[in-house]
Amino acid sequence: MPKERILIVEDESIVALDIANSLESLGYIVAGQTDRGETAIQIVEELQPDLVLMDIRLKGQMNGIQAAEHIYIHFDIPIVFLSAHSDTLTLQSAMLAQAYGFIRKPFEARELKSTIAMALYKHTMTRKLRESEERYRLLHDSALDGIMLTAPDGRIFSANAAACHMLGRTEAEIIQV
């Protein structure tokens, strides 16, 4: 089984070195290391790591939240935040950035291991769910039989093209009925 490759984005070099040593002792490969959000995006684009460990406060123009949002949207790579700051605003910002985990510094190796394992698992399951939804949507939309989806109370909330054709109405008209 291939080892997961992890990018470390941390503004303090001693902390980054400690994280790298911890990751390697846990069996992970350190795919790269940087202290800037802009550089993290470039590394992700080039190396496509399996996960990014991201500090929130970084050097340069872009903070960890901004870099994480960009990475998640453009590359679909899970982010686990590492931060000494765990105030409400920081946690809310991390959640809005679609974080797969949050580890408060200082941390222990077992916390790092369990958080990474959960993030990688959740990301895999999320990807599989998304693929399943895409297959379902394709089947629904391309079926030659009319398909209408209803809520338990009987409201129609979706109709495919065949159902619309059979009824001579648009999906918006069917849903409003």
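Just one of the listed residues (Gln33, Gln48, Gln61) is open to solvent by 40 Å² or more (accessible area, probe 1.4 Å) and under 19 Å from the mean Cα position of the chain (by Cα), namely Gln48. Counting only strands (runs of 3 or more DSSP E) that sit completely within region 80-177, those holding 3 or more residues that are over 21 Å from Gln66 (Cα atoms) correspond to 148-150, 156-159. Looking across region 75-89, the residues that are more than 13 Å from the chain's Cα centre (by Cα) and either within 16 Å of Glu46 (Cα to Cα) or open to solvent by less than 20 Å² (accessible area, probe 1.4 Å) (or both) come down to Leu82, Ser83. Please name all residue pairs, on different chains or six or more residues apart, with Cβ atoms under 6 Å, provided the first residue is in region 103-117 and is within 15 Å of Ile79 (Cβ to Cβ) and the second residue is surrounded by 15 or more Cβ atoms within 10 Å (Cβ to Cβ) and aliphatic (A, V, I, L, M). As it stands, the answer is Ile103/Leu82; Thr115/Val80; Thr115/Ile103, since those pairs meet every condition given. Among the residues of region 72-92, those identified as within 17 Å of Leu7 (Cβ to Cβ) and out of contact with any Gly (no Cβ under 9 Å at 6 or more places or on another chain) are Tyr72, Ile73, His74, Phe75, Asp76, Ile77.
Considered as a group, the residues in region 7-30 that are open to solvent by 60 Å² or more (accessible area, probe 1.4 Å) and part of a helix (DSSP H, G or I) include one that is nearest to His123 (Cα to Cα), and that residue is Glu24. Of the residues in region 65-74, not one is in a loop (DSSP other than H, G, I, E, B), of a type in the set (A, V, I, L, M, F, W, C) and open to solvent by less than 40 Å² (accessible area, probe 1.4 Å). Tell me, which residue of region 5-15 that is at pLDDT 95 or above and touching an Asp or Glu at 6+ places or on another chain (Cβ under 7 Å) is nearest to Arg104 (Cα to Cα)? Of everything passing the filter in region 5-15, Glu10 is nearest to Arg104 (Cα to Cα).
Among the residues of region 102-140, the one identified as in contact with an Asp or Glu (Cβ under 8 Å, 6 or more places away or on another chain) and of a type in the set (D, E, K, R) is Arg127.
Of all residue pairs spaced 6 or more apart or on separate chains, those with beta-carbon atoms under 8 Å, a first member in region 66-79 that is under 18 Å from Ile103 (Cα atoms) and a second member that is in a helix (DSSP H, G or I) and acidic (Asp, Glu) are Ala67/Glu38. Listed by first and then second residue, the pairs with beta-carbon distance under 8 Å, at least 6 apart or on different chains, first residue in region 133-157 and over 18 Å from Ala172 (Cα atoms), second open to solvent by less than 100 Å² (accessible area, probe 1.4 Å) and among the hydrophobic types (A, V, I, L, M, F, W, C), are Ala143/Ala162; Leu144/Ala162; Asp145/Ala162.
Within region 114-137, is there a residue that is surrounded by 13 or more Cβ atoms within 10 Å (Cβ to Cβ), modelled with pLDDT under 95, of a type outside the set (Ser, Thr, Tyr) and over 17 Å from the mean Cα position of the chain (by Cα)? For region 114-137, residues surrounded by 13 or more Cβ atoms within 10 Å (Cβ to Cβ), modelled with pLDDT under 95, of a type outside the set (Ser, Thr, Tyr) and over 17 Å from the mean Cα position of the chain (by Cα): absent.
The values are calculated or read from the model by the stated rules, or taken from the named source; none is laboratory data. All figures in this text were calculated on a predicted structure; none of them were measured in a lab. We place every Cβ from the backbone using ideal geometry, glycine too, and count neighbours over all the protein chains shown. Note: areas computed on protein heavy atoms with side chains; ligands, DNA, RNA excluded. Shrake-Rupley method; radii C 1.70, N 1.55, O 1.52, S 1.80 Å.
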